[in-house]
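The numbers here are math on the coordinates, done by the rules we state, and not lab data. Keep in mind the model is a prediction, meaning the values are calculated, not measured. All Cβ positions, even for glycine, are placed from backbone atoms using ideal geometry, and neighbour counts span all protein chains on display.
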Amino acid sequence: MSLQASTMMDEILKSHPGSQRDHLIPILQEVQAKLGFLSEDAVVRIGRHMRIPASKIYGVATFYNQFRFTPKGKFHVMLCRGTACHVKGSAKTLETLTKALRIEPGQTTRDGLFSIEVVACLGACALSPAITINGEFFPKVSQTKLAKLLDECRQKAGAVAPAVKVDTTSKSSRRGRTGKMEEKSS
Ligand code: FES
């Protein structure tokens, strides 16, 4: 953990003195907001502060979709799974996205280019299914449009690797970085 990150952690933990369990989620939220993700170091420090085993903290954090354990990719894709988007096929869009990038929501591709996050609503239900990439909104995202957007991201990054291949038929293995501990709360 960098000195800057460590100082941020100190400030957050100082603002939550004691070890009240109901402070855990707010602490995790604040740490993620400041550091961008929950690193192993951060989880261990929170555990020490609250006198809770790190494994228990992982058990709690992994229960919620909002927490991630790796830094976001250069291109962070937020995909809406709210009701309106669901009706318009967001499940298929998500399946296509995870197959194309070979990661699950909450993960980052090995090359650090892409990460995926699933959200409940992007606030533009009339334009579903919708996604954002690094905060830029894209309405009515078809499979073809999704492939084009991913290709454009690669081009912007100057990636020399072949374009992202959208494959909705084969069962690809998931190879994203999760950084999560294996153990769950006991
Ligand atoms: S449900 Fe997807 S934008 Fe609202």
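Between E95 and I25, 0.36 nm times their residue separation minus their Cα-Cα distance comes to what? Could the numbers behind the result be given before it?
Numbers: separation 70, 0.36 × 70 = 25.20 nm, distance 2.92 nm.
This chain segment gains 22.3 nm when fully extended.
Quickly work out the A157-to-H16 label distance, labels modelled 7 Å from Cα along the C-beta direction, and quote it in nm with one decimal.
In this crude spin-label approximation the distance works out to 3.1 nm.
Taking the alpha-carbon centroid of each part, what is the distance from region 88-124 to region 45-82 in angstrom?
That distance is 17 Å.
Using θ = phi - 60° and the Karplus relation 6.51 cos²θ - 1.76 cosθ + 1.60, list the HN-Hα couplings for region 26-35 in order, rounded to whole Hz, with x at every Gly or Pro.
These are the phi-based 3J(HN,Hα) values: x, 5, 4, 5, 5, 5, 5, 4, 7, 9 Hz.
With the Cα gyration tensor of region 1-126 in hand, give its eigenvalues times 5 under a square root as the equivalent ellipsoid semi-axes, listed largest first in whole angstrom. Intermediate values should be presented prior to the final figure.
On the way: eigenvalues 186, 54, 31 Å².
Equivalent ellipsoid of region 1-126: 30, 16, 12 Å, largest first.
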